[in-house]
1. Name every residue in the stretch 52-68 that is surrounded by fewer than 17 Cβ atoms within 10 Å (Cβ to Cβ) and either among the charged types (D, E, K, R) or assigned to a loop (DSSP other than H, G, I, E, B) (or both), in order of residue number.
2. Within the stretch 1-55, how many residues are modelled with pLDDT under 85 and over 33 Å from the mean Cα position of the chain (by Cα)?
3. Filter the stretch 50-79 down to the residues that are within 26 Å of K112 (Cβ to Cβ) and among the hydrophobic types (A, V, I, L, M, F, W, C) and list them by number.
4. Suppose the filter is closer than 30 Å to K117 by Cβ and in the same structural domain as H110 (by TED's automatic domain parsing); does N82 pass it?
5. Check the stretch 165-179 and report whether any residue there is surrounded by 10 or more Cβ atoms within 10 Å (Cβ to Cβ), modelled with pLDDT of 90 or more, farther than 21 Å from L29 by Cβ and among the hydroxyl-bearing types (S, T, Y).
6. Name every residue in the stretch 78-117 that is among the aliphatic types (A, V, I, L, M) and either surrounded by 13 or more Cβ atoms within 10 Å (Cβ to Cβ) or in contact with a Phe, Trp or Tyr (Cβ under 7 Å, 6 or more places away or on another chain) (or both), in order of residue number.
7. Just to be sure, is M156 over 30 Å from M36 (Cα atoms), surrounded by 10 or more Cβ atoms within 10 Å (Cβ to Cβ) and either at pLDDT 90 or above or not small (G, A, S) (or both)?
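The values are calculated or read from the model by the stated rules, or taken from the named source; none is laboratory data. Here the structure is a predicted model, which is why all the values come from computation and not from measurement. Here the Cβ positions follow ideal geometry from the backbone for every residue, glycine too, while neighbour counts run over all protein chains shown.
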Amino acid sequence: MGLFSRLGALLKSNLNDLISKAEDPEKMLNQVLVDMKTQLVEAKKQVAVAIGDEKRLKKQWDEQVNHAKEWERKAMLAVQANDDELAKDALMRAKEHEELANQFEGQWVHQKDAVEKLKSQLRVLNNKIEEAKRKRNILIARQKRAEAQKAIQTTMAGLSDTSAFDTFDRMAEKIEAIEAEAEANSELAGELQGDTLTQRFRALEAKKTPADMALNELKKKMGLLAAGSPGAPKALPAGSASDAKDDKKPEASSDAGAGSPPSSSLPSGGEKA
């Protein structure tokens, strides 16, 4: 292979490669449909011309048939007028028109067959264009789906590096630490603000659960808890409380006698003796 032949082959291959890469399926399909529609328009024009020729031949055939009949009628008039020579001339003219009519008839028949074939081919071409439209839509849908899948695969391939996900995990840990610190600060601020003793009792009361309350109610019904103080132990009976008071009274009186003089020792006037 010569140098110029190799150079020509190289240029052709590069051009073909560039053209293949530059081809957009959607644009190419649209252009093919435009070309097919243009061909359809031209075919319709040709069929219209053929139909016009058919109608013209049919008209000429009818005219020649009518001319032949007219000259035959004139020949009859010449025969009635006893003019045989004139009748012969009229018959010769009628025969000429009959021959022309036969020729136009043959041409009309051939033209009519051609028109029917052209119409059939035109219908086939139109059906092919409609089928091409449907295929174009399907192919374009397939193209867009393939492009979407390709884009997704490219994105997933770009996300295969775990650095992005590691960053998300690290930021999540930082945010959790910040949230825990903020919650601790809020809790500490609540404990250091106001009456701490009251807050301790509130916290103690908050520990009571619905189950504890239900248990206390049950103990009340059973008589194990005093009605006024839920959760406290049952109060002592009234008799035992009075006995305890009586036991303490003598001690108090004896203590009073020992520590203070009797009232009768003071003068009635309130003055010192």
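1. Residues of the stretch 52-68 that are surrounded by fewer than 17 Cβ atoms within 10 Å (Cβ to Cβ), as a first pass: 52-53, 55-56, 59, 62-63, 66.
Correct list: D53, K55, R56, K59, D62, E63.
2. So the answer is 20.
3. Keep residues of the stretch 50-79 that are within 26 Å of K112 (Cβ to Cβ), which gives 50-70.
Within the stretch 50-79, A50, I51, L57, W61, V65, A68 meet the criteria.
4. On the way: closer than 30 Å to K117 by Cβ: no; in the same structural domain as H110 (by TED's automatic domain parsing): yes.
Against the criterion (closer than 30 Å to K117 by Cβ and in the same structural domain as H110 (by TED's automatic domain parsing)), N82 does not qualify.
5. no
6. Filtering the stretch 78-117 down to residues among the aliphatic types (A, V, I, L, M) leaves 78-79, 81, 86-87, 90-92, 94, 100-101, 109, 114-115.
Matches in the stretch 78-117: A78, V79, L86, A87, A90, L91, A94, L100, A101, V109, A114, V115.
7. When the stated conditions are applied, M156 does not pass them.
Yes or no, residue by residue, for (1) part of a helix (DSSP H, G or I); (2) touching a helix residue (DSSP H, G or I) at 6+ places or on another chain (Cβ under 7 Å); (3) among the β-branched types (V, I, T):
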{"position": "E70", "(1), (2), (3)": "yes, no, no"}
{"position": "V79", "(1), (2), (3)": "yes, yes, yes"}
{"position": "L86", "(1), (2), (3)": "yes, yes, no"}
{"position": "L91", "(1), (2), (3)": "yes, yes, no"}
{"position": "E96", "(1), (2), (3)": "yes, no, no"}
{"position": "L100", "(1), (2), (3)": "yes, yes, no"}
